[in-house]
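These notes are about the structure you will find just below.
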Amino acid sequence: MTKHELELCIDKYGKDIYSFCKHLTNNPLEADDLYQDTFLRAVVLKEKIEYGNNPKSYFLSIALRIWRNKKRKFAWRKRIADVQPIVDERDAEMGEALELSPEERITSKEKDMLVRTAVSRLPEKLKITVLLFYMEDLSTAQISEVMKIPVGTVLSRLYQARKILKKELEDVLSE
Amino acid sequence: MNDKFDNALRHALTPSDEADLWLNQKILNQAEEKRKMAERKNWRLTAAIAAGLVLCISSVTVYAAWKYLPASDVAANVQDRKLAEAFAGEQAFVINEVQSYGDYRVTLLSIISGRMLSEYPHYHNGEIAADRTYVVIAIENGNGVPMPDTSDESYGKLEFFASPLIGDFNPAFYNIAGMSGNYTDMTEEGILYRLLECSNVEIFADHDLYLCVSEGMFYDSEAYCYDELTGKISRNENYEGMNALFELPMDIAKADPQKAAEYMAGLGFESDILREKLDAELGEAFEVEVTEENKMGAEAAEYALQFVGNPYVWGEDSLTEGTDSSGFTKSVYAHFDISLPHSSSGQRASGMKVETIENAEPGDLVFYETPAHVAIYIGDGLIVHAMPEMGICISEADFDEIAEIRRVV
């Protein structure tokens, strides 16, 4: 990838990739690292980016791979330390404060935050699937490629995730 | 309803976060450097192939040492020129010993110990740890199938544990994970090279020193035997997977028993944890004490106890499939409709403070620091918690210094 191509990619997909990194890691510092590593990895990988296909899927699959590896190594090094996600404080406070009083009317902005908090609490496999589908607008076939799982598994994960989210967000979204 | 639900999700998850401008700028700058490095790497690769070809013609020996990159090249390949020079120098022990067990063939290439050998100093608790041991090993598939490149998806599925072990010290507790260890992997020509480093082990030269290489992420007590009486470490001959064990050559003159004792005493978090207090058992008469005030807490403690024996998995929160410490407390309390954040620091902000362990009631959360850890008090000075390597287990509450106690019910 040339410098110019990289610039184009950052311009075009930067926001999508960064948002994915942020929700995947739940931690702004980790998100910065992952975002940076993703693009830098893409630079040295030999594969040519096919503009006809979906380069976004390609970047997302790199990000996912790096993150999994990193989590693994991190677990090894900090064997005993529980490294905890730093949930965006705005979201977390908002989420908790609102949980206490579900009867109160909530604005659309607050609703979004509750949804994001609920998504962040999903088990990682489900969370990734939800992010790829709803945030990154990938088709189930593309998700199957990015996550290297069969389409059937993608569908069942989406189904499970929706079930959990529906239950958690029942009160919020029923209005 | 479904459309509405989907739309709400889409709306909430619309990509809205952007990287800082400086971050994008940094990426563009670093990309230039990466490209230059990649070019150099390619050149090196071709040179290595050429060298391999020449030798192939003249020799049929399979296990010959020339097959492997010398340790200095491995260090150079991970961009550590200073370490590469050290490995090429006289201080390094070149070993080239091969062992085949299970599905893999492992070769111990070289080892070197000393001060300030690397371009990349290792930081421990914010200070430079200058005195280090570096080891290079090569791992191959026994069936000749090339090992995956470290950037391949399948590399993520490979897990090897390689660590120096010290005779007279139980390897389950004293291994690379506790000795401010670290490693870098690289693959070339289908051979996986690992450069591992940890605190200098030369000070233990008057003990037997070993290097173990096994599968998995952590030390596997099944793969090796430790004789408490003689202090000897050996391979478990009945173990089916890979369990290579090399003896490390050491200059006995470098032994420094006093420094060694100090090192062991100060072994970071390992030393703070009183291992003998970690594995506690409940007496037959044990019952979680229930009083009017702590009914819910006692129920939570009782409920938590049924999961003892289930595994520890970092980042997860399943009481049956695997959980980390704060996932454990979160999930236990979720059963009682009490919602705790997954982070132990977040949990530490929940509920109200209990002054001392003497005042603790069953169900209280007990917090520890460095590493951050949380447990559920069950009474009688005991806790139940999810502990790495042990899974969900019962321990004495003072197995490590208690940082804080909180009551969340």
Collect the residues in the stretch B:104-141 that are open to solvent by 50 Å² or more (accessible area, probe 1.4 Å) and in contact (Cβ under 8 Å) with a residue 12 or more places away in the chain, keeping them in residue-number order.
-> B:R115, B:M116, B:E119, B:Y120, B:H124, B:N125
Taking the residues in the stretch B:316-330 that are out of contact with any Phe, Trp or Tyr (no Cβ under 9 Å at 6 or more places or on another chain) and among the hydroxyl-bearing types (S, T, Y) as candidates, determine which candidate is farthest from the other protein chains (Cβ to nearest Cβ).
-> B:T329
Considering the stretch B:89-116 alone, what residues qualify as being touching a helix residue (DSSP H, G or I) at 6+ places or on another chain (Cβ under 6 Å) and modelled with pLDDT of 90 or more?
-> B:L109, B:S110, B:I112, B:S113
What are the residues in the stretch B:79-115 that are among the polar types (S, T, N, Q) and under 15 Å from B:L211 (Cβ atoms), if any?
-> B:N96, B:Q99, B:T107, B:S110, B:S113
When you go through B:M242, B:M217 one by one, which is the residue that is touching a helix residue (DSSP H, G or I) at 6+ places or on another chain (Cβ under 7 Å) and more than 27 Å from B:A76 (Cβ to Cβ)?
-> B:M217
Examine the stretch B:178-187 for a residue that is more than 12 Å from chain A (Cβ to nearest Cβ) and among the aromatic types (F, W, Y), and state whether such a residue exists.
-> no
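Within the stretch B:6-25, can you find the residues that are among the charged types (D, E, K, R) and at the interface with chain A (Cβ under 7 Å from one of its Cβ atoms)?
B:R10, B:D17, B:E18
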Which of the residues belonging to the stretch B:332-388 are away from chain A (no Cβ under 14 Å) and on the phi > 0 side of the Ramachandran plot?
-> B:G363, B:G379, B:D380, B:G381
For A:I164, state whether it is among the hydrophobic types (A, V, I, L, M, F, W, C), free of Cβ contacts under 8 Å to residues at least 24 places away in the same chain and out of contact with any helix residue (DSSP H, G or I) (no Cβ under 6 Å at 6 or more places or on another chain).
-> no
In this structure, is B:A260 in contact (Cβ under 8 Å) with a residue 12 or more places away in the chain, assigned to a helix (DSSP H, G or I) and surrounded by fewer than 19 Cβ atoms within 10 Å (Cβ to Cβ)?
-> no
Residue within the stretch B:351-360 that is touching a helix residue (DSSP H, G or I) at 6+ places or on another chain (Cβ under 7 Å) and closer than 26 Å to A:K125 by Cα present = no
What are the residues in the stretch B:214-254 that are within 14 Å of chain A (Cβ to nearest Cβ) and touching a Pro at 6+ places or on another chain (Cβ under 7 Å), if any?
-> B:Y219
B:E153 is checked against (1) surrounded by fewer than 20 Cβ atoms within 10 Å (Cβ to Cβ); (2) away from every other protein chain (no Cβ under 14 Å); (3) more than 24 Å from B:Y263 (Cβ to Cβ) and fails just one. What number does that condition carry?
-> (2)
Report the residue count in the stretch B:342-390 for those that are open to solvent by 50 Å² or more (accessible area, probe 1.4 Å) and hydrophobic (A, V, I, L, M, F, W, C).
-> 3
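Just checking, which of B:V313, B:V308, B:V290 is β-branched (V, I, T), within 14 Å of chain A (Cβ to nearest Cβ) and open to solvent by 40 Å² or more (accessible area, probe 1.4 Å)? Lay out the reasoning, then the answer.
Values: B:V308 fails: within 14 Å of chain A (Cβ to nearest Cβ); B:V290 fails: within 14 Å of chain A (Cβ to nearest Cβ).
None of the others qualify; the one that does is B:V313.
Could you list all residues from the stretch B:320-358 that are aliphatic (A, V, I, L, M) and within 20 Å of B:A280 (Cα to Cα)?
Hit for the stretch B:320-358 is B:I357, nothing else.
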Those residues of the stretch B:290-342 which are among the aliphatic types (A, V, I, L, M), closer than 17 Å to A:L122 by Cα and assigned to a helix (DSSP H, G or I), in sequence order = B:V332, B:A334
Test B:G346 against the stated conditions and say whether it is assigned to a helix (DSSP H, G or I) and out of contact with any strand residue (DSSP E or B) (no Cβ under 9 Å at 6 or more places or on another chain).
-> yes
In the stretch A:14-32, is there at least one residue being within 24 Å of A:I149 (Cα to Cα), modelled with pLDDT under 90, not assigned by TED's automatic domain parsing to the domain that holds A:L114 and not in a helix (DSSP H, G or I)?
-> yes
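The values are calculated or read from the model by the stated rules, or taken from the named source; none is laboratory data. In this text, all values refer to a predicted model and were calculated from it rather than measured experimentally. Cβ: placed from backbone, ideal geometry, glycine included. Neighbour counts: every protein chain shown. We work out accessible area using only protein heavy atoms, side chains counted, and drop any ligands, DNA or RNA first. Shrake-Rupley method; radii C 1.70, N 1.55, O 1.52, S 1.80 Å.
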